[in-house]
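*Asks:* Okay, here's the structure, questions in a sec.
The values are calculated or read from the model by the stated rules, or taken from the named source; none is laboratory data. Fair warning: this is a prediction, and the values are worked out from it, not measured in the lab. Virtual Cβ from ideal backbone geometry, glycine too; neighbours counted across all protein chains shown.
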Amino acid sequence: MRPRPSRAQIVAGLLCALLGFAAATQVRQVERADFSELRQDELIEVLDRLNSEAELLEEQNATLEGERDRLQANRNDDEAAQQAARARAEVQGILAGTLPVEGPGITLTWRDPEGQLTAPMAYLLVDELRNAGAEAISVGDVRITASSYFADDGSGHLIADGQALASPCEWRAIGDPATLQTALGIPGGVLATLRTLGGSSDVTVHESLAIDAVKRLEPLEHAAAIE
């Protein structure tokens with residue numbers, strides 16, 4: 001199964017070998033002809049010219065290496081800038097609620113059969129979670145952000161960003177679980193008030209919790225950034 005070279009390949013190889021031998025012989029002859037017949041002062045002049053050309057080549061090489069290093073540094077700076085931009089975009093996306101997130105946190109199951117959870121109580125609950133370090137919050141299928149709102153529909157149902165919340169309702173908060181749990185258990189807090197009104201709640205700690213609810217941002221009509 002060994003490949004067998006064709007006759008044309010053999011001939012081409014011999015021609016290449018002969019051409020290489022002829023070229024090498026010609027170069028040696030030219031070198032001998034160029035230098036063997038030169039006088040000493042002419043040889044010195046040739047040597048000086050070669051040294052000058054070598055120095056010029058070294059300078060050009062140093063310039064090219066410097067350009068290479070500069071391009072590499074710019075590339076590294078661009079990559080660092082891109083990484084920083086991606087990190088900022090990720091933080092802004094989490095704060096704006098446009099990105100799903102995951103991390104340690106708690107879930108709060110809110111049972112309010114009598115419809116006692118009012119909009120002011122919901123705002124207080126969000127404040128308690130944020131003051132305890134919650135970095136992302138959702139209630140039901142609604143992502144809670146700085147622009148979120150709560151309202152009462154007048155029939156015992158709570159509305160969050162236009163969506164009615166049914167009972168039981170699940171709140172999710174990502175942050176330090178122990179701190180969040182402690183904040184929700186303070187005397188006189190929202191959960192304590194809920195219990196006095198006939199409701200109940202359960203708090204569950206999670207090492208890893210996902211918040212998939214995201215907020216859809218409406219295009220700005222009037223505001224524009226100052227350049």
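*Asks:* Of the residues R111, R88, only one is surrounded by 10 or more Cβ atoms within 10 Å (Cβ to Cβ) and assigned by TED's automatic domain parsing to the domain that holds L184; which?
*Replies:* Result: R111 is the single residue among R111, R88 that is surrounded by 10 or more Cβ atoms within 10 Å (Cβ to Cβ) and assigned by TED's automatic domain parsing to the domain that holds L184.
*Asks:* Test G140 against the stated conditions and say whether it is in contact with a Cys (Cβ under 7 Å, 6 or more places away or on another chain) and in the same structural domain as T204 (by TED's automatic domain parsing). Write out each step before concluding.
*Replies:* On the way: in contact with a Cys (Cβ under 7 Å, 6 or more places away or on another chain): yes; in the same structural domain as T204 (by TED's automatic domain parsing): yes.
Yes.
*Asks:* Please determine whether any residue of segment 88-103 is farther than 22 Å from R172 by Cα, free of Cβ contacts under 8 Å to residues at least 24 places away in the same chain and not acidic (D, E).
*Replies:* So the first thing to find is which residues in segment 88-103 are farther than 22 Å from R172 by Cα, and the list is 88-89.
Imposing the further condition that a residue be free of Cβ contacts under 8 Å to residues at least 24 places away in the same chain reduces the set to 88-89.
The next check asks that each one be not acidic (D, E); those that pass are 88-89.
Looking through segment 88-103, at least one residue is farther than 22 Å from R172 by Cα, free of Cβ contacts under 8 Å to residues at least 24 places away in the same chain and not acidic (D, E).
*Asks:* Could I ask something else about it? Would you mind stating whether L209 is touching a helix residue (DSSP H, G or I) at 6+ places or on another chain (Cβ under 8 Å), surrounded by 12 or more Cβ atoms within 10 Å (Cβ to Cβ) and either in the same structural domain as P113 (by TED's automatic domain parsing) or of a type in the set (A, V, I, L, M, F, W, C) (or both)?
*Replies:* Taking the combined requirement at face value, the residue does not satisfy it.
*Asks:* Moving to a separate point now. Picking from L217, L165, which residue would you name as being closer than 24 Å to L99 by Cα, in contact with a Gly (Cβ under 9 Å, 6 or more places away or on another chain) and outside the structural domain of D112 (by TED's automatic domain parsing)? Lay out the reasoning, then the answer.
*Replies:* On the way: L165 fails: outside the structural domain of D112 (by TED's automatic domain parsing).
On inspection, the qualifying residue turns out to be L217.
*Asks:* May I pose another question? Determine the pairs where a residue that is in contact (Cβ under 8 Å) with a residue 40 or more places away in the chain, located within segment 170-184, has a partner that is aliphatic (A, V, I, L, M) and in a helix (DSSP H, G or I) with Cβ atoms under 6 Å apart, the partner being 6 or more residues away or on another chain.
*Replies:* A173/L129; A173/L180; L184/L191
*Asks:* Going by the structure shown, is L124 in a helix (DSSP H, G or I) and in contact (Cβ under 8 Å) with a residue 40 or more places away in the chain?
*Replies:* Spelling it out, L124 is indeed in a helix (DSSP H, G or I) and in contact (Cβ under 8 Å) with a residue 40 or more places away in the chain.
*Asks:* Still on this structure: Under 10 Å from A132 (Cβ atoms), among the small types (G, A, S) and in contact with a helix residue (DSSP H, G or I) (Cβ under 8 Å, 6 or more places away or on another chain), is that true of A178?
*Replies:* no
Yes/no matrix, rows are residues, columns are (1) surrounded by 15 or more Cβ atoms within 10 Å (Cβ to Cβ); (2) at pLDDT below 90; (3) in contact with a Phe, Trp or Tyr (Cβ under 6 Å, 6 or more places away or on another chain); (4) assigned to a helix (DSSP H, G or I):
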{"position": "R143", "(1), (2), (3), (4)": "yes, no, no, no"}
{"position": "G154", "(1), (2), (3), (4)": "no, yes, no, no"}
{"position": "G188", "(1), (2), (3), (4)": "no, yes, no, no"}
{"position": "L191", "(1), (2), (3), (4)": "yes, yes, no, yes"}
{"position": "L194", "(1), (2), (3), (4)": "yes, yes, no, yes"}
